[in-house]
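Chemist: The structure follows.
The values are calculated or read from the model by the stated rules, or taken from the named source; none is laboratory data. Since the structure is predicted, the reported quantities are computational estimates derived from the model, not experimental observations. Heads up, the Cβs are rebuilt from the backbone with ideal geometry, glycines too, and the neighbour counts pull from every protein chain shown. Heavy atoms of the whole protein, side chains included, go into the accessibility calculation; ligands, DNA and RNA do not. Shrake-Rupley method; radii C 1.70, N 1.55, O 1.52, S 1.80 Å.
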Amino acid sequence: QVQLVESGGGLVQAGGSLRLSCAASKSIFSISTMGWYRQAPGKQRELVAIITSGGSRNYADSVKGRFTISRDNAKNTMYLQMNSLKPEDTAVYYCNAVIIETYYSGRDDYWGQGTQVTVSS
């Protein structure tokens, strides 16, 4: 069973930066679209950024110009560089990936365990 392992969360002051990583736990056949989502206390999970296998990117309006999503297909890893962080960015951040585990597998949707990002004012 493939797992997505996240790292890089933590506590940072407003205006600071953090870099999140999300890596697949084992060798896999291919990864399609990958994305970062976040969920703040009392709120629904929302899309932060998404990147296709070809590198096309889309961002939530609230993070445009501050966050950058990227991926390293050779390492089956995705990143989220977060700059100019604001207190309203505080949330649990989850990575998501559509994965084809083997040549014979169908596409399955996987989620990471979540990593806490806290931005103090």
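Chemist: So, of the residues in region 96-121 that are touching a residue at least 60 places away in the same chain (Cβ under 8 Å), not acidic (Asp, Glu) and not in a strand (DSSP E or B), which turns out to be farthest from Ile31 (Cα to Cα)?
Modeler: Applying the filter and picking the extreme gives Ser121.
Chemist: How about region 24-45: which of its residues are over 22 Å from Gly106 (Cα atoms), open to solvent by 60 Å² or more (accessible area, probe 1.4 Å) and assigned to a loop (DSSP other than H, G, I, E, B)?
Modeler: Pro41, Gly42, Lys43, Gln44, Arg45
Chemist: State which residue is nearest to the chain's Cα centre (by Cα) when the search covers only region 80-121 and only residues that are under 14 Å from Val63 (Cα atoms) and surrounded by fewer than 18 Cβ atoms within 10 Å (Cβ to Cβ).
Modeler: Looking at residues that are under 14 Å from Val63 (Cα atoms) and surrounded by fewer than 18 Cβ atoms within 10 Å (Cβ to Cβ), I get Gln81.
Chemist: Would you be able to say whether some residue in region 59-71 is farther than 23 Å from Ser121 by Cα and either modelled with pLDDT under 95 or basic (Lys, Arg) (or both)?
Modeler: As a first pass, look at region 59-71 and keep what is farther than 23 Å from Ser121 by Cα: 59, 69-71.
When the remaining residues are screened for being either modelled with pLDDT under 95 or basic (Lys, Arg) (or both), the result is 71.
Scanning region 59-71 turns up at least one residue that is farther than 23 Å from Ser121 by Cα and either modelled with pLDDT under 95 or basic (Lys, Arg) (or both).
Chemist: Among the residues of region 1-13, write down those that are in contact with a strand residue (DSSP E or B) (Cβ under 6 Å, 6 or more places away or on another chain) and exposed (fewer than 14 other Cβ atoms within 10 Å of the Cβ).
Modeler: Ser7, Leu11, Gln13, listed by residue number.
Chemist: Go through region 46-58 and count every residue that is out of contact with any Gly (no Cβ under 7 Å at 6 or more places or on another chain) and open to solvent by 20 Å² or more (accessible area, probe 1.4 Å).
Modeler: Here the count works out to 8.
Chemist: What about Asp61, is it among the acidic types (Asp, Glu), open to solvent by 50 Å² or more (accessible area, probe 1.4 Å) and outside any strand (DSSP E or B)? Working first, answer last.
Modeler: Working: among the acidic types (Asp, Glu): yes; open to solvent by 50 Å² or more (accessible area, probe 1.4 Å): yes; outside any strand (DSSP E or B): yes.
Judged against the criteria, Asp61 is a match.
Chemist: Continuing with this model, one more query. Quick one: would you say Thr77 is open to solvent by less than 40 Å² (accessible area, probe 1.4 Å), touching a residue at least 12 places away in the same chain (Cβ under 8 Å), more than 22 Å from Gln13 (Cβ to Cβ) and of a type in the set (Ser, Thr, Tyr)? Don't jump to the end; show me each part of the working.
Modeler: Details: open to solvent by less than 40 Å² (accessible area, probe 1.4 Å): yes; touching a residue at least 12 places away in the same chain (Cβ under 8 Å): yes; more than 22 Å from Gln13 (Cβ to Cβ): yes; of a type in the set (Ser, Thr, Tyr): yes.
It is true that Thr77 is open to solvent by less than 40 Å² (accessible area, probe 1.4 Å), touching a residue at least 12 places away in the same chain (Cβ under 8 Å), more than 22 Å from Gln13 (Cβ to Cβ) and of a type in the set (Ser, Thr, Tyr).
For every residue, the table says whether it meets (1) free of Cβ contacts under 8 Å to residues at least 60 places away in the same chain; (2) in a strand (DSSP E or B); (3) under 20 Å from Gln113 (Cβ atoms).
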{"residue": "Val5", "(1), (2), (3)": "no, yes, yes"}
{"residue": "Gly16", "(1), (2), (3)": "no, no, no"}
{"residue": "Ser21", "(1), (2), (3)": "yes, yes, yes"}
{"residue": "Gln81", "(1), (2), (3)": "no, yes, no"}
{"residue": "Tyr94", "(1), (2), (3)": "no, yes, yes"}
